[in-house]
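Only one structure is covered here, and it is reproduced in the block below.
Quick note: the coordinates plus some simple rules give every number you see, no bench work behind them. Computed from a predicted structure; not experimentally measured. Note that each Cβ is placed from the backbone with ideal geometry, even for glycine, and that neighbours are counted across all protein chains shown.
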């Protein structure tokens with residue numbers, strides 16, 4: 001049996017244990033780096049196939065936090081913080097998987113929910129719901145890219161409403 005301690009990455013028939021190890025050559029070789037890049041792109045493409053499924057599950061998790069925030073004012077800040085965490089995840093993942101509109105909408109939701117000292121009222125929760133509705137629509141319709149003019153207008157309108165609400169208090 002060939003192990004990594006007995007043979008280097010260029011041993012015939014051996015696949016590297018480390019996905020960033022370059023088969024058939026020394027690290028930094030052009031062909032080896034191209035192989036690493038190709039494998040990384042294939043892995044991202046494979047993950048992207050399931051993105052809308054797990055992103056919708058994230059939206060469901062945020063909706064549960066929103067419902068809890070509405071029904072439990074004493075613990076509202078904790079539930080809003082959960083919405084922030086979900087929005088932050090969506091923001092970071094959207095563009096990586098071909099959904100930059102999700103990233104924009106989630107960024108706006110992050111701005112709305114990030115202030116731990118803010119006393120969140122019903123108007124904040126209504127606006128958070130509007131964000132989650134928009135993200136859910138983008139995912140359900142699998143609207144990749146920026147969403148055209150309609151997507152840009154929607155993201156801008158929600159972001160403007162966040163700015164107005166945060167500046168009014």
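Quick notes on this one:
- Label-point gap, in nm, between residue 88 and residue 160 - each point 7 angstrom along Cα→Cβ: 3.0 nm
- q = 0.13, 0.16 Å⁻¹: log10 I(q)/I(0) that the Debye formula gives for segment 51-168, counting C-alpha atoms only: -0.44, -0.66
- Potential lengthening between residue 54 and residue 39 on full extension [0.36 nm per residue; Cα-Cα distance subtracted]: 3.2 nm
- Put in line by how crowded their Cβ is, counting other Cβ atoms within 10 Å and starting with the fewest, 132, 127 read 127, 132.
- Cα coordinate range in segment 91-133, projected on the principal axes (Å, largest first): 34, 20, 9
- As a calculated quantity, the FRET efficiency between residue 137 and residue 72 at R0 = 41 Å, using C-beta atoms, amounts to about 0.90.
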